[in-house]
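This report concerns only the one structure given below.
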Amino acid sequence: MKRFLLSLFILLQVLPAVADEGMWILPLLRHQKFPQMQELGLRLQDYDIYNPDSSSIKDAIVIFGGGCTGEIVSPDGLLLTNHHCGYGQIQKHSSVEHDYLTDGFWAMSKAEELPNPGLKVTFIDKIEDVTEYVLEELKKDTEPNSMNYLSPRYLNNLAKERVGEKFLSDHPGTEVEIKPFYGGNQYYMFTKKIYSDVRLVGAPPSSIGKFGADTDNWMWPRHTGDFAVFRVYADAYGNPAEYSENNVPLRPKRWLKISLAGVQENDFAMIMGFPGTTYKYYTSWEVAERRDINNRVRIDMRELRQQVMLEEMLKDSKVRIQYSSKYAGSTNAYKNAIGTNWAIDKRDFEQVKKAEQDKLTTWARLQNRPEYPEALRAMEEIIKGRSDLQFRLWMLNEGLLMGIEFSRVPYLLDPLMNALKEKDGNRIDQELESLQEKYKGFANKDYAPEVDKKVAKVLLQEYLRRVPAGHRPDYLEEIDKRFKGNADAFVEYLFANSIYGSEANFFRFITKPTVKALENDPMIRFAKSVQDERVKLTEALTEFNTGYADAHRTYVKGLLEMYGDEINFPDANFSLRLTYGQVKGYEPVDAVYYNCQTTLEGVMEKEDPANWEFVVPPRLKELYQQKDFGVYGMPDGKMPVNFCATTHTTGGNSGSPVLNRDGELIGINFDRNWEGVGGDIQYLPDYQRSIIVDIRYVLFIIDKFAGAGYLLEEMDIVR
């Protein structure tokens, strides 16, 4: 009986779409989830959210940059996203003299808004199911072991063929993209309009926008004003255009109304955005691989790098500005890996996935569908067979390629070498000029050689300890041959003798370039060797991955047949999705309960002037002490800061709008809680929470703290 009850419990855990789980595709919303949303309190119709024939809330949601979400909140193209999403732009505009990271930035007129070359905002004009079209085209593919059914290049070429070149030329800034869903069992085409004149309007100081920094990252309760304000510009006809003083604020199809009503426990909430990657259809073997290889290596190697970076950042304000974004990017994935491993073990994801596999196997036998158990056997063999290669690649990426900056020095210098050998003066001058541009890209204002040197010494020692000789990049053999295993001495040698080791070395080479200097340059040899090893490992893994993709596609097809696609959502792939749930606290451990709302009082309780992560700006303290919260305070007299909800989110949902039952903006999603990051693999209804900055706090900071209340005048605020 105990065994029966355990099996029943596990099978219940693998039933799809429990509670508030799901990242739903908009065209299928009415078909799949709309009745449940209305039961929870939604007062809109499905066409208010997504309407293929007219404007809807969908048209106010954008891709911000390359990995975040944003929302349009005014008829003049004003855009809200997260502070951490705009962090790179804020950093680029910052200097020791104008430290916008520390002090914040606010344009007091449109003329003061700052352009951001390279930053783009993408609207989704249309979403179409093109499964039949793609499958028909794939029948023409005669290439053996073809992966075209998942290939972005192949699928996007199909998209262009489908709409035609004339359509694209007649619609400036328009692109089309086909994405695979359910492992390549379904396809949607997205017609996108991309704007490239995006200007920084305002950002709070990091003491607000990044309050709690790395200590509070992935944690609840939270007290962070993680938002930034941008504006989208277009040409005089509303078309996308490169930056120009003649451009005008975009007149969007739709912008969001903003609610000052606030939230209560159990209120309906929904989020629209672009979740990046999830692993709902992992097998038990992939869960183990993720925990024991991918996450374990990432945790160990990033911890070493971060210790060095933080120590140097705290010693020097210039280094702090240079490395703040790099440090934040490193710790983000580091904490995610730790939280995911906690969830894997806490809820025994291995066993949950195994139960689902057993369920499919039993069902397939009854249905006489042997291809599904065969696909599972193939995946088990592949995943176990690639483990050594997987470990070596993760060590290479985390320990050398991503961890050590000089592993990415420009080393493809054949044109310059040929010009030097042929003594072609004109070509030499041209190639040297090109090399100087590449050097500026490497040794830019955000690079500190001494920091890179210290990081390299620590990471190389650990890499050598964990990866045996004969399985490393060839050039690392020099450490044993010439330096008797002393990694520190090897790194010192690289910096002393490479043209990239210092500015003096580089310009000494430029003054007197030689073929010998390039051929023998130790950093170039190091970088080339590391890249060669990466190519070798990637190619070796490709042999496994091709077979895996085919088997995985079949496995997912089996699950869809067994469950039915009405209650299954596809893994996130940075396409527009909707998730819904309730504003709700949770119980992280026995006898402890976290409320769903935090307030400015909690900011003051966390204040620590000696800790850069918890410094509170004097103006914010003044407003708190005077209780000068204006219309943004709660009925009990407190100032709201953050709240959490049961919505199912992941990376890419940063900056996503959080909407109430009437489709009004009530917050901006910016994080998840520590206990819920394992939801990328398996939703955790008791733990999974999206962490959201309350829109009342956003408006309070803009108006009362920054004195930029003029921005609110162009917003549609429901009081």
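The values are calculated or read from the model by the stated rules, or taken from the named source; none is laboratory data. These numbers come from a predicted model, not from an experiment. Positions of Cβ are generated from backbone atoms using ideal geometry, with glycine treated the same way; all protein chains shown enter the neighbour counts. Protein only, heavy atoms only, side chains kept; ligands, DNA and RNA dropped before computing areas. Shrake-Rupley method; radii C 1.70, N 1.55, O 1.52, S 1.80 Å.
Just a few scattered comments:
- The single condition among (1) out of contact with any Gly (no Cβ under 9 Å at 6 or more places or on another chain); (2) surrounded by 15 or more Cβ atoms within 10 Å (Cβ to Cβ) that Leu256 does not meet is (1).
- Positions within region 479-492 being under 17 Å from Asn505 (Cβ atoms) and surrounded by fewer than 19 Cβ atoms within 10 Å (Cβ to Cβ), in sequence order: Glu492
- Filter pass, Thr69 being touching a strand residue (DSSP E or B) at 6+ places or on another chain (Cβ under 7 Å), closer than 30 Å to Glu613 by Cα and among the polar types (S, T, N, Q): yes
- Residue list for region 42-69, restricted to those being open to solvent by less than 30 Å² (accessible area, probe 1.4 Å), within 15 Å of Thr191 (Cα to Cα) and not hydrophobic (A, V, I, L, M, F, W, C): Tyr50, Lys58, Asp59
- Qualifying positions in region 393-452 - in contact with an Asp or Glu (Cβ under 9 Å, 6 or more places away or on another chain) and of a type in the set (Gly, Ala, Ser): Gly399, Ala419, Ala443, Ala448
- Matching residues, region 472-518, being in contact (Cβ under 8 Å) with a residue 12 or more places away in the chain and aliphatic (A, V, I, L, M): Leu476, Ile479, Ala487, Val491, Leu494, Ile499, Ile510, Val515, Ala517, Leu518
- Residue match in region 217-229 (condition: of a type in the set (Ser, Thr, Tyr) and either surrounded by fewer than 22 Cβ atoms within 10 Å (Cβ to Cβ) or modelled with pLDDT under 95 (or both)): no
- Given (1) modelled with pLDDT under 95; (2) within 28 Å of the chain's Cα centre (by Cα), index of the condition Met1 fails: (2)
- Verdict on Val232 being β-branched (Val, Ile, Thr), in a strand (DSSP E or B) and either closer than 18 Å to Val201 by Cβ or open to solvent by less than 40 Å² (accessible area, probe 1.4 Å) (or both): yes
- Scanning region 446-471 for residues that are in contact (Cβ under 8 Å) with a residue 60 or more places away in the chain, in contact with a helix residue (DSSP H, G or I) (Cβ under 7 Å, 6 or more places away or on another chain) and not aliphatic (A, V, I, L, M) yields Asp446, Tyr447, Lys454, Glu462, Tyr463, Arg466, His471.
- Within the set Asp141, Asp170, Asp125, the sole residue that is under 26 Å from the mean Cα position of the chain (by Cα) and open to solvent by 30 Å² or more (accessible area, probe 1.4 Å) turns out to be Asp125.
- Residue in region 282-294 that is in contact (Cβ under 8 Å) with a residue 12 or more places away in the chain, open to solvent by less than 50 Å² (accessible area, probe 1.4 Å) and part of a loop (DSSP other than H, G, I, E, B) present: yes
- Count - residues of region 66-105 that are in a loop (DSSP other than H, G, I, E, B) and either touching a Pro at 6+ places or on another chain (Cβ under 7 Å) or over 16 Å from Ile702 (Cβ atoms) (or both): 16
- Phe495 satisfies every condition listed in (1) of a type outside the set (Val, Ile, Thr); (2) open to solvent by less than 40 Å² (accessible area, probe 1.4 Å); (3) part of a helix (DSSP H, G or I); (4) farther than 16 Å from Phe526 by Cα except (4).
- Residue count for region 368-388 under the criterion of being open to solvent by 30 Å² or more (accessible area, probe 1.4 Å) and either assigned to a helix (DSSP H, G or I) or in contact (Cβ under 8 Å) with a residue 40 or more places away in the chain (or both): the result is 11.
- Residues located in region 588-615, provided they are modelled with pLDDT of 95 or more and of a type in the set (D, E, K, R): Glu601, Glu605, Lys606, Glu607, Asp608
- Residue list for region 664-719, restricted to those being more than 27 Å from Ser74 (Cα to Cα), in contact with a helix residue (DSSP H, G or I) (Cβ under 8 Å, 6 or more places away or on another chain) and not acidic (Asp, Glu): Arg672, Trp674, Gly676, Val677, Gly678, Gly679, Ile681, Gln682, Leu684, Tyr687, Gln688, Arg689
- Looking only at region 428-445, and only at residues there that are within 29 Å of the chain's Cα centre (by Cα) and open to solvent by less than 30 Å² (accessible area, probe 1.4 Å), the one that is farthest from Glu533 (Cα to Cα): Tyr439
- Which listed residue, of Leu412, Leu376, Leu393, Leu389, is on the phi < 0 side of the Ramachandran plot and either modelled with pLDDT under 90 or more than 34 Å from the chain's Cα centre (by Cα) (or both): Leu412
- Near pairs, Cβ below 8 angstrom, 6+ apart or cross-chain, from region 26-48 (assigned to a helix (DSSP H, G or I)) to any residue that is of a type in the set (Gly, Ala, Ser): Leu40/Gly581; Tyr47/Ser54; Tyr47/Ser56; Asp48/Ser56; Asp48/Gly663
- Hey, Tyr447 out of contact with any strand residue (DSSP E or B) (no Cβ under 6 Å at 6 or more places or on another chain) and closer than 21 Å to Glu398 by Cα or not: yes
- Lone unmet requirement of (1) closer than 30 Å to Glu136 by Cα; (2) over 21 Å from the mean Cα position of the chain (by Cα) for Ile194: (2)
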